[in-house]
Structures are given as structure tokens and as C-alpha cells.
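Heads up, the thing below is written out as C-alpha cells.
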Amino acid sequence: MAERTQNILVIEDDPAVAEALVEGIGREGFDVHWESTGEGGIAHARDASPHLIVLDVRLPDGSGFDVCRQIRQLGMRQPILMLTVQSDEVDKVLGLEMGADDYLTKPYRLRELIARIRSLLRRAYGELSSAEADVLYVDDLTIDRTRAAVSRGGQEINLTPTEFRLLAFLAQHPGQVFSRAQLIENVWGSDGEFYDDKTVSVHVRRLREKVELEPSDPKIILTVPGIGYRLST
């Protein structure tokens, strides 16, 4: 990460909080841009394509959940880290379901925020994005690890970086059963301490909604009761 500047977009309505975020994140060598509204944040994300978005849940012109959903609907796949006011599990799960890659509950320590940002950037732009040519086939899906892209019948399926890494990992081990803890270890890596079983379950559910023809009756990503998940052979 040190060789090139990563661009971070902060969408936060509180000027004091935003100033602290811009200064703190900027000290770590990132180029930080601040928007105070959801509308402004979406416009900047669309025009500037930042590497990562830090998104507050409470905004003056709507919910951060709606902003997250709109960003994903526009086809933007960069990691989104949501900042929630309370430790309500409903808020966390809703954020993940809207397309966020991670969440952090206020109040938080700047060190943890930076660690989450670096973790998301590694997963999005790390070893998979620069790997040697490697195309995997699962059922009627084509998984191109060189472009971090998944397609069906020539039409690309819009996955977030975390969703892609999860699918690519399972595709490299067809038929093998993995517990949620094992998926955290292999997909989230050394930063797995930040995540729990619920995070895995939500990402699997979201991934199924995108790659399964019938998400309610999955044929590709299968649940192994009492253990975890496996990819169909």
C-alpha cells in the first residue's frame, strides 16, 4: 500500500467528526475526501472512484443504508465501511445486506478504524487482484481471478471484493466443507479477529442472491448443517 496513494471517501454529516477522520486517516498516507451528504457522497463516488468509502449511517438527507444500496446499484464495487451509532445487531446485519463490507460501532478508536481500512484494502486490491492468470468454473459461473470478476453466460455479476474472495476461495476447494471460523481465517485472513459468524452468514446469503438462480434453493453454495458451507461439485 505504501507505493501508491489510496483514495478514501468519507461520508459524514458531523463536521467535527469528519475533520478528525480526514486528519487521522490522512496521517496514515491516504488521500481523503469528505462529503457531508449522501447525495454528495454518491456523486463523488461515481465521478472519482475512490478505493474505499467510509459511510456514516445517519446523514441529513437520508439513511446511510440507502446510500450504500444506491452505490451498489450503480455498479460500484469498492469496499464500504459503515459507521453505526449503536451496537444494534439489526443495524449491523442491515448494513451488510445493503452491500457494506464491514461496520464499526461508535465510539471507536482511530487505530481500529485504520486497521479495518487496511484490512478491506488488502482484500480488495491485494494478492488476488495481482495473481497470475487463473480462471475457475463452477456450474455455469466463470470466475476470473485476474480481473476479480464473475460472469454467467458472458454477463458479469457485480460482486463486492469480499464476496468475490469468498466465492473464489470456495471454488478453489470444490466439495470441501468449511466452518464459519475457517472461512473467516481463509477469506478475512489475519484480520479475522474483527469478524464473527454472523458476518459470514450475511455474506453467504448476499452472495447466493447474486450467483444462485434460486437463492431460496441454492445449488452452488450449499449449507452443511451444524458445520458450515461447501461449494457444489
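Could you say whether any residue in the stretch 58-66 is in contact with a His (Cβ under 8 Å, 6 or more places away or on another chain) and part of a helix (DSSP H, G or I)?
Restricting attention to the stretch 58-66, the residues satisfying the condition of being in contact with a His (Cβ under 8 Å, 6 or more places away or on another chain) are none.
No: the stretch 58-66 contains no residue that is in contact with a His (Cβ under 8 Å, 6 or more places away or on another chain) and part of a helix (DSSP H, G or I).
Checking PRO60 against (1) in contact with a strand residue (DSSP E or B) (Cβ under 6 Å, 6 or more places away or on another chain); (2) more than 17 Å from ILE117 (Cβ to Cβ): exactly one of these is not met. Which one?
All conditions are met except number (1).
Tell me which residues, restricted to the stretch 138-172, are assigned to a strand (DSSP E or B), surrounded by fewer than 16 Cβ atoms within 10 Å (Cβ to Cβ) and in contact (Cβ under 8 Å) with a residue 24 or more places away in the chain.
If the condition is that a residue be assigned to a strand (DSSP E or B), surrounded by fewer than 16 Cβ atoms within 10 Å (Cβ to Cβ) and in contact (Cβ under 8 Å) with a residue 24 or more places away in the chain, then ARG152 is the only one that fits.
With the requirement that a residue be open to solvent by 70 Å² or more (accessible area, probe 1.4 Å) and closer than 24 Å to THR142 by Cβ, what does the stretch 173-209 give you? Full working, then the answer.
Taking the stretch 173-209 and keeping what is open to solvent by 70 Å² or more (accessible area, probe 1.4 Å), we get 174, 176, 182, 185-186, 190, 193, 197-198, 205, 209.
Passing the criteria: PRO174, GLN176, ASN186, ARG205, GLU209.
Being part of a loop (DSSP other than H, G, I, E, B) and either within 15 Å of the chain's Cα centre (by Cα) or among the β-branched types (Val, Ile, Thr) (or both) is the filter here, so list the residues in the stretch 196-233 that pass it. Steps first, please.
Taking the stretch 196-233 and keeping what is part of a loop (DSSP other than H, G, I, E, B), we get 196, 212-220, 225-227, 232-233.
Once the filter is applied, which keeps residues that are part of a loop (DSSP other than H, G, I, E, B) and either within 15 Å of the chain's Cα centre (by Cα) or among the β-branched types (Val, Ile, Thr) (or both), the stretch 196-233 yields ASP196, ILE220, ILE227, THR233.
What are the residues in the stretch 14-41 that are among the β-branched types (Val, Ile, Thr) and buried (at least 20 other Cβ atoms within 10 Å of the Cβ), if any? Don't jump to the end; show me each part of the working.
First, pick out the residues of the stretch 14-41 that are among the β-branched types (Val, Ile, Thr): 17, 22, 25, 32, 37.
Of everything in the stretch 14-41, those that are among the β-branched types (Val, Ile, Thr) and buried (at least 20 other Cβ atoms within 10 Å of the Cβ) turn out to be ILE25, VAL32.
The values are calculated or read from the model by the stated rules, or taken from the named source; none is laboratory data. What you see is a predicted model; the values in this text were computed from it and never measured. Cβ: placed from backbone, ideal geometry, glycine included. Neighbour counts: every protein chain shown. Heads up: the accessible areas ignore ligands, DNA and RNA and are worked out on the full protein's heavy atoms, side chains in. Shrake-Rupley method; radii C 1.70, N 1.55, O 1.52, S 1.80 Å.
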